[in-house]
1. As an exercise: evaluate GLN112 against (1) over 18 Å from ALA203 (Cβ atoms); (2) open to solvent by less than 70 Å² (accessible area, probe 1.4 Å) and give the number of the one condition it does not meet.
2. Is it true that PRO251 is free of Cβ contacts under 8 Å to residues at least 40 places away in the same chain, under 25 Å from GLU188 (Cβ atoms) and exposed (fewer than 11 other Cβ atoms within 10 Å of the Cβ)?
3. Can you find even one residue in segment 109-130 that is farther than 12 Å from GLY10 by Cβ, out of contact with any strand residue (DSSP E or B) (no Cβ under 9 Å at 6 or more places or on another chain) and without any contact (Cβ under 8 Å) to a residue 12 or more places away in the chain?
4. Taking the stated definitions as given, is LEU132 open to solvent by less than 60 Å² (accessible area, probe 1.4 Å) and touching a helix residue (DSSP H, G or I) at 6+ places or on another chain (Cβ under 7 Å)?
5. Residue under question is LEU48, and the condition is that it be part of a helix (DSSP H, G or I), within 30 Å of VAL195 (Cα to Cα) and in contact (Cβ under 8 Å) with a residue 60 or more places away in the chain; does it hold?
6. For segment 141-164, enumerate the residues that are open to solvent by 40 Å² or more (accessible area, probe 1.4 Å) and either in contact with a Cys (Cβ under 6 Å, 6 or more places away or on another chain) or of a type outside the set (Ser, Thr, Tyr) (or both).
7. Spot the failing condition for CYS52; the list is (1) under 25 Å from ASP236 (Cβ atoms); (2) out of contact with any strand residue (DSSP E or B) (no Cβ under 6 Å at 6 or more places or on another chain); (3) surrounded by fewer than 19 Cβ atoms within 10 Å (Cβ to Cβ), and only one is missed.
8. For segment 142-201, name all the residues that are touching a Gly at 6+ places or on another chain (Cβ under 8 Å) and without any contact (Cβ under 8 Å) to a residue 60 or more places away in the chain.
Amino acid sequence: MGKVIVMTSGKGGVGKTTTSAAFSAGLASRGHKTVVIDFDVGLRNLDLIMGCERRVVFDFVHVINGDARLNQALIRDKRLEHLYILPTSQTRDKDALTREGVERVLTELREQFEYIICDSPAGIERGALMALYFADEAIIVTNPEVSSVRDSDRILGVLQSRSRRAEEGLDPVREHLLLSRYDPERVERGEMMKVDDVLEILAIPLLGVIPESRSVLKASNVGTPVILDPQSAAGDAYRDAVGRFLGESLPFRFMRPERRGLFQRFLRRSA
């Protein structure tokens, strides 16, 4: 049976959809049959970041309502043979997601895929709660700033009390922390929280630290998960995070400022 992994945060704009795209592509590139689902009904963006927006005919809500079969809505990625995308509706509202319908679709997906990645909306509205409810594991995506960390702490409380695993007394949802948009130089200047400070507040295992990188925006604009960019530091960090998720012991990178020579520092001041 496949495993349901929710990408979640309390705050918008932290990089959940970027992470969903990168993580699902990373798992698929390692040979794991993976599907990524957009739970953000009405504000879908996953199809854009995955570069398949022109191939959307049926969506998640069509399948829930019985207007299409699951295999009609699934889009196979053209770059990775083990990766599929299930887009959501751009015109319906959040109430289109019913617990019974979502459970039925996830049950069918569990039979076909090793990993089901749920790209959850921010906060605790209906789509987010639906994704959180069925999770086996959760990746909490957080920026190193106080408001983002505080809101993520609230999401952890929801996972621990309102997931199906909590309701049924099963093993708790396994939680991971992914710290995104990390800038070591700003941390040194006291403009961002340190990794250790975030870990002290949230008290969950660190899966990865994703550096602030222009390559993330570039990848989003061209519809390619940044993890597929071999020249990107963010892509490297996501590859490390996927490796750790799969049980590899890897050192953490991109947590200290890059040491520049005199000429590089002069160019930076002149820019």
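1. Only one criterion in (1) over 18 Å from ALA203 (Cβ atoms); (2) open to solvent by less than 70 Å² (accessible area, probe 1.4 Å) is unmet by GLN112, namely (2).
2. Details: free of Cβ contacts under 8 Å to residues at least 40 places away in the same chain: yes; under 25 Å from GLU188 (Cβ atoms): yes; exposed (fewer than 11 other Cβ atoms within 10 Å of the Cβ): yes.
Yes, satisfied.
3. no
4. Working: open to solvent by less than 60 Å² (accessible area, probe 1.4 Å): yes; touching a helix residue (DSSP H, G or I) at 6+ places or on another chain (Cβ under 7 Å): yes.
Answer is yes for this residue.
5. Working: part of a helix (DSSP H, G or I): yes; within 30 Å of VAL195 (Cα to Cα): no; in contact (Cβ under 8 Å) with a residue 60 or more places away in the chain: yes.
Answer is no for this residue.
6. Matches in segment 141-164: GLU145, VAL146, ARG150, ASP151, ASP153, ARG154, GLN160, ARG162, ARG164.
7. For CYS52, the failing item is (2).
8. Within segment 142-201, just LEU179 meets the criteria.
The values are calculated or read from the model by the stated rules, or taken from the named source; none is laboratory data. The structure presented is a predicted model; accordingly, all values stated were derived computationally and were not measured. Backbone-built Cβ (ideal geometry, glycine too); neighbour counts: all protein chains shown. In case anyone asks, the SASA skips ligands and DNA or RNA and just uses the protein heavy atoms, side chains included. Shrake-Rupley method; radii C 1.70, N 1.55, O 1.52, S 1.80 Å.
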